[in-house]
Structure formats: structure tokens, C-alpha cells
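Below is one structure, written out as C-alpha cells; comments come after it.
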Amino acid sequence: MLEVASENAINIENLLAAYEGESNAHAKYTAFAVKADADGWHGAASLFRAAGRAEQIHATNHARVIKQLGGEAKCEIHPVEVKSTLENLRAALAGEQYEVNTMYPDFIKAAGKNAAALRTFTWAMEAEKTHARLYAEVIALVGAGMKDSWAATARDFYVCAVCGYTSETEEEHERCPVCNLSWDKFEVIR
């Protein structure tokens, strides 16, 4: 019994850290989108909004599991430092890479047999992989000043309403490759 309580405490601690990280990423990406639009990088702004929506979904999923484990989802939203669009994109990529390479793998390892914690951490990590790929792609375009690319033109992104998986193409699959949600239930974010 003590082992289960200890595992819950570790999972709640990790879920709270993930909840705060995702909540702050949502706030950051929202501010970054405004700057990207102002700089004429409308496609980058669309990506920030889509990734921000995905982060919001991750935070909601983490909060649900925190509550199931007897905790309360609380966090502090930190002030956002907005820089140039390119610097903001690089900061976003660094955050996504940290989540994919360090944070979520560590949290998944520590989750033990808790299916709910494993699921919310895995779903978030898989979505963050798509964000990292898309940020790397748009960084190359913005860094090269390619105003004739998708980075400068507002575009639709498709975000899974359950796990936050993000795609730049419509109906990439029949179902979400992460959580199996039907593609027609994805949110369209521009």
C-alpha cells in the first residue's frame, strides 16, 4: 500500500510539473503568434496557435489525471518574454526538444503501472514530436527570410481534440496515429 501511495505522489508531482509547463507553453505560444503575425510570418503564427491549442489539451489531460489521483491542478503562469519571431521559434523548439528528449521520457519511466499517467504523458510526448519537427521546418524558412513559403502565409493546422497531435495536412490518416480519434473530430486551427 505504501508503494502505491509513493507512486501516486511521484506521479502527482510530475503531472503538476507537466501541467505547469504545458500551461505556460500555451501562454507563450499565444504571445508568440501575435508577434509572428505582426512580423508578417502568418504561417509561423498559425503554427504557434495550433501548438498552443495542443499544449492546452495536454494541460487539460494532465489536470484530469491529477484530480483522479487526488491532487489539485494549480500552476503559476510566468511572464512571457517576446523577442523576434525567429528567436521565439528557436525558444519554442528548445522547449519541445526538452519535453521529447528529457521530461516526458523521465515522467513515463517514473509513472510505473499507472495507466492514466502513462497515457497522458505518452500522448503529450508524441504530439510534442510533431511540434518539434514543424518548428525546425519553419525556423529554416524564417531564418532564410523565405516570405514566399508557407511560413509567411496563414494556413490551417489540424489538432487532435483528445491528445493534441498536430498535423499540417488534412486527413493525414483516417484516425489519430496517437490516440485513435476519428480524423473528422480534429480541430482546425489557423
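Can you tell me the dipole magnitude for the stretch 43-190 around its Cα centre, using point charges on the Cβ only (Lys, Arg +1; Asp, Glu -1), in Debye to the nearest 20? Before the final figure, lay out the partial values.
Details: 17 positive and 20 negative charges, 79 e Å.
So the dipole magnitude of the stretch 43-190 works out to roughly 380 debye.
Rg/Rh for the stretch 89-142 to two decimals, with Rh computed the Kirkwood way over all alpha-carbon pairs.
Numbers: Rg = 12.6 Å, Rh = 11.6 Å.
My calculation of the ratio gives 1.09.
Stick to Cα atoms and the Kirkwood definition of Rh, then tell me Rg/Rh for the stretch 2-154. Walk me through the numbers on the way to the answer.
Working: Rg = 16.6 Å, Rh = 15.9 Å.
Answer for the stretch 2-154: 1.04.
What's the ranking of 76-85, 127-136 by average number of surrounding C-beta atoms within 10 Å, highest first?
Descending mean neighbour count gives 127-136, 76-85.
Would you compute, from DSSP H runs of 4+ residues alone, the mean residue ellipticity of the chain at 222 nm, taking -39500 (n - 2.57) per run and dividing by the full residue count, rounded to the nearest 500? Don't jump to the answer; show the numbers that get you there.
Numbers: 5 runs with 114 residues, N = 190.
Taking each H run of at least 4 residues, the total per residue is -21000 deg cm²/dmol.
Please compute the Kirkwood hydrodynamic radius of the stretch 1-77 from all pairs of different C-alpha atoms, in Å with one decimal. Don't skip to the answer; put the middle values down first.
On the way: mean 1/r = 0.0743 Å⁻¹.
Radius from the Kirkwood sum: 13.5 Å.
Given R₀ = 35 Å, FRET efficiency for LYS74-SER182 by Cβ-Cβ distance, to 0.05? Let's see the in-between values first.
On the way: r = 33 Å, r/R0 = 0.95.
Rounded to the nearest 0.05, the efficiency is 0.60.
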If you take the beta carbon distance between ALA9 and GLU170 as r and set R0 to 41 Å, what does 1/(1 + (r/R0)^6) give as a FRET efficiency, to the nearest 0.05? 0.45
What is the spread of the Cα atoms of the stretch 88-190 along each of their three principal axes, largest first, in whole Å? 49, 31, 15
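Read-outs throughout are calculated quantities, based only on the coordinates presented, and are distinct from any laboratory measurement. These numbers come from a predicted model, not from an experiment. Reconstructed Cβ throughout: ideal geometry from the backbone, glycine too, with neighbour counts over all protein chains shown.
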